[in-house]
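To start, the structure itself, in structure tokens.
What follows draws every value from the coordinates through simple rules; no lab data is involved. Every value quoted in this text rests on a predicted model; they were computed, and no experiment measured them. So basically every Cβ, Gly included, is an ideal-geometry build from the backbone, and we count neighbours across all protein chains shown.
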């Protein structure tokens, strides 16, 4: 009876560990980063309207394994300079297939 209980406990723990490993794989499989810089440095960066920090910065891009992301709108703003905007497409978008690059650089122009 004790060995039967031990076996059931071991199998239950194994399933929990396997489930957590699978969940970790699904969550992080599509995760990568993009380094965003600007000249001059110190520009505020927004991704899809959300403030994500100041250049230089590293931004984590989540690409769910089963989710095809559409457009990313990335903008850099700094007082005294024109706002710079770049657009990237993750996954198929019409007949174009592109992705957010690993490095994005903005050359900000004075107003």
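Annotations for the structure displayed:
- With neighbour counts taken as other beta-carbon atoms within 10 Å, the residues 57, 108 rank, fewest first, as 57, 108.
- Between residue 44 and residue 57, the simple spin-label model (points 7 angstrom out along Cα→Cβ) gives 1.0 nm.
- Residue order, fewest to most beta carbons within 10 Å, for 104, 11: 11, 104
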